[in-house]
């Protein structure tokens, strides 16, 4: 594993931490005061900072550090997480996310913004504190800054587990810190690692070595708790160290050494009152020469070996290595070497198992592997269908054991297919979380107060769908903020709360995912939309449109009602692009709007792009698949309900409404003349714009789940055809692109439609 | 069959020869993925005349081109004896319908004669040379020239 891979993992983890951070902050924003939430937020920032430090991403570290400091004030209840505070923090989370992606992809970040936020965060950490004391880390705006002040004559405070404690110091010392620390002072550091420290792969010796770099150091090892070897738990931690350090550095620098271990050890750092030190020591001083790190001497061998056993076992490195090092130690210390080695090896195994369990219930898998599996399962489904078909053709009794076996096989394949699809299914949560940031930013830009409420964010859908959902959703959210919600003044005048609400929800409905975006704004101004459409030559001035049709005008290319073009929206590349991306996903979008009460966009998307429920039909001797979702109903036309309309058009009357009849075979050029409708079946389909069309096919073969195969891979896009699939007889069948066929029936030729689809 | 299997030396190459009607053609063997029997293809709407349709090649959708029609000769009437040469053309895989595969040739550049001046544009576009082997004339064709990247525009 090279550095880049490790870095990639770090960035993946950053994504997760950022999501955690944001959801935590939003919870706090909603009034959650659970200390665990605060801790989770703090941990997220801390982990990012830690990882960034390891990769030398200085910008990220310095920002995370300031952020962390302020969060710590919240954690220690010194800063009340009010709405205003959280607003700054949410913005900081956004900047942190920007910094992470800038570190990953190159890019740059708006420095003035991050600098402004750093100031705001620092102000929160200092200024808003009820007492004039600041946090220990607060005066360190950036790692490169001047050494933080050392509290000169302050009484040391006891530390808690976290190692983070407010240390009172006077602000006077802030400016004068150079001379106070130049002389060098002696600190007493008591460092007692707990077993967790080793199990996380930290090593006490390395920490001590880092500490020794700060100045002259003498170390006493406290071995009181060390039991006899046969009673020893190889994973436990028995040693503590008392360190006397003469250094010019500040207490913060000393604490910084233990930064990543602070949760897993007892750490006390205080200025030594010279004389007191020796008597206070309840431990036997053991000379601890740091040279042993490189060249173990006989005297310290045992200690070192035991320690290394601790560490290697804990870190779950290779069990063999561990065993041998413990064996060496044991051989020198006592005769019970076998049992010790066995114990260590067993412990190593236990630990590996525990580590695996602790690592969580998920694994990271390369998406390609999952895709390969899905493809194979697709083949399996096709093969199984082919097998069934040939058995049915050759076996007329229908009761043989082959048939029963086949039925079981069919169920199994279906189950395998569902499970494999479930691997790709992901909750929509990450996309929804991104939206909350967009709402914040855009609302800030246009000076509106808007709250985003999300619902059903754990609804799962195929990863491809999720990936392609973000863009149209972003467009829509921007539109909702910019056009949907009114300004606070207007809202108040209309008797509404000044804060607008956008509700984003997801749910499963009949095998599809339905995503709803509702705002409580002013709704669509139909008069203006209509006027605008007339101005832009989208409709005739005297066109008679229903409310629904007017609402749908906003999906027309080149439509924008915004009076002035802003950064956010209004350039006329909005809803038509949204609509096209939703359609490209095999989905549909509709809008309902009530004047004064708001608008609701409803998107219905397939759960997966790999399989599709379709109706298998025959057209001019060819087998076609019509997506089931498009079909409203099927009917057998009677001669009396078919009405000629003009030279070539025909209408079919369905419950007294007339619907254009579209001959699929003619549109696709499978036959030269129109078929007789009475001999076929009509599929009533819902098309874009809300209109209905009756598609004429020759016969319906049945309903089937089909695996979608790309036509573009080896051929090109075919107008009127969405994709291909392979049927039970092993032949390729084409999947009809209902919207394109309907559009073609409106008089638009299929060819230009195709080039549009290709560019869009 | 006259197999001229030699060790491939510098400048020599292997070609696969096939028959369409009474003419013989050959293509570079490196672009051929496999050869398989004819199976009925699903016709595509709005496709050019030489496009026979698509077949299922172990799960992938493979377009089948009637090479006879593509080369400007009469349309093929596929039978069970026809074969499909599955070939890689640029990034795509296509199936070429031919009457039969006749030979695998190992030739050097000296064996290739230039294409004589003929009036037909189509021949000039795809023919890259002519081989004289055992008194037969085999026309070497360039698949990339037959299937330009933007096929939809050419159609």
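Quick check on the stretch B:105-120: of everything there that is in a strand (DSSP E or B) and in contact with a strand residue (DSSP E or B) (Cβ under 6 Å, 6 or more places away or on another chain), which residue is nearest to the other protein chains (Cβ to nearest Cβ)? Per the criteria, the residue is B:105. Condition first: within 20 Å of residue A:520 (Cβ to Cβ) and crowded, with 22+ Cβ neighbours inside 10 Å. Now tell me which residues in the stretch A:449-477 satisfy that. A:450, A:452, A:473, A:476, A:477 - these are the residues of the stretch A:449-477 that are within 20 Å of residue A:520 (Cβ to Cβ) and crowded, with 22+ Cβ neighbours inside 10 Å. Among residues of the stretch A:652-669 that are more than 14 Å from chain B (Cβ to nearest Cβ) and free of Cβ contacts under 8 Å to residues at least 12 places away in the same chain, those with a beta-carbon under 9 Å from a residue that is assigned to a strand (DSSP E or B) and surrounded by fewer than 22 Cβ atoms within 10 Å (Cβ to Cβ) at least six positions away or on a different chain give the pairs A:657/A:692.
Being out of contact with any helix residue (DSSP H, G or I) (no Cβ under 6 Å at 6 or more places or on another chain) and crowded, with 21+ Cβ neighbours inside 10 Å is true for just one of A:76, A:62. Which residue is that? Let's see the steps before the verdict.
Working: A:76 fails: crowded, with 21+ Cβ neighbours inside 10 Å.
The match here is A:62.
Every listed requirement among (1) modelled with pLDDT of 85 or more; (2) more than 14 Å from every other protein chain (Cβ to nearest Cβ); (3) touching a strand residue (DSSP E or B) at 6+ places or on another chain (Cβ under 9 Å) is met by residue B:22 save one, (3).
When the stretch A:598-620 is filtered for residues that are over 15 Å from residue A:515 (Cβ atoms) and either modelled with pLDDT under 85 or touching a helix residue (DSSP H, G or I) at 6+ places or on another chain (Cβ under 9 Å) (or both), the ones remaining, listed by number, are A:598, A:608, A:609, A:610, A:611, A:612, A:613, A:614, A:615, A:617, A:619, A:620.
Going through A:45, A:61 one at a time, which residue ends up being part of a helix (DSSP H, G or I) and within 20 Å of residue A:86 (Cα to Cα)? Exactly one of A:45, A:61 is part of a helix (DSSP H, G or I) and within 20 Å of residue A:86 (Cα to Cα), namely A:45.
Can you tell me which residues in the stretch A:729-743 are assigned to a loop (DSSP other than H, G, I, E, B) and either surrounded by 22 or more Cβ atoms within 10 Å (Cβ to Cβ) or more than 11 Å from chain B (Cβ to nearest Cβ) (or both)?
Within the stretch A:729-743, the subset assigned to a loop (DSSP other than H, G, I, E, B) is A:729-731, A:737.
The answer is A:737, and nothing else.
Assessment of the stretch A:256-264 against the conditions (over 45 Å from the mean Cα position of the chain (by Cα), surrounded by fewer than 20 Cβ atoms within 10 Å (Cβ to Cβ), at pLDDT below 75 and in a helix (DSSP H, G or I)) yields no matching residue.
In the stretch A:622-646, the qualifying residues are those that are in contact with a helix residue (DSSP H, G or I) (Cβ under 9 Å, 6 or more places away or on another chain) and within 14 Å of another protein chain (Cβ to nearest Cβ), and the one that is farthest from residue A:506 (Cα to Cα) is A:622. Considering the stretch A:709-727, the residues that are more than 7 Å from chain B (Cβ to nearest Cβ) and at pLDDT 85 or above include one that is surrounded by the most Cβ atoms within 10 Å (Cβ to Cβ), namely A:725. Taken over the stretch B:41-54, the criterion of being over 30 Å from residue B:13 (Cα atoms) and more than 7 Å from chain A (Cβ to nearest Cβ) is satisfied by B:41, B:47, B:48, B:49, B:52, B:53.
All told, residue B:77 meets the bar of being surrounded by fewer than 18 Cβ atoms within 10 Å (Cβ to Cβ), free of Cβ contacts under 8 Å to residues at least 60 places away in the same chain, over 30 Å from residue A:610 (Cβ atoms) and more than 13 Å from chain A (Cβ to nearest Cβ).
Hey, among the residues in the stretch B:55-70 that are under 17 Å from the mean Cα position of the chain (by Cα) and within 12 Å of chain A (Cβ to nearest Cβ), which one's nearest to residue A:382 (Cα to Cα)?
Here is the first cut: in the stretch B:55-70, the residues under 17 Å from the mean Cα position of the chain (by Cα) are B:62-70.
From the residues that got through so far, the ones that are within 12 Å of chain A (Cβ to nearest Cβ) too are B:62-65.
Numbers: B:62: 16, B:63: 19, B:64: 21, B:65: 25 Å.
Applying the filter and picking the extreme gives B:62.
The values are calculated or read from the model by the stated rules, or taken from the named source; none is laboratory data. Small disclaimer: the values here were computed from a predicted structure and weren't measured. As a convention, Cβ positions derive from the backbone with ideal geometry for all residues, glycine included, and neighbour counts pool all protein chains shown.
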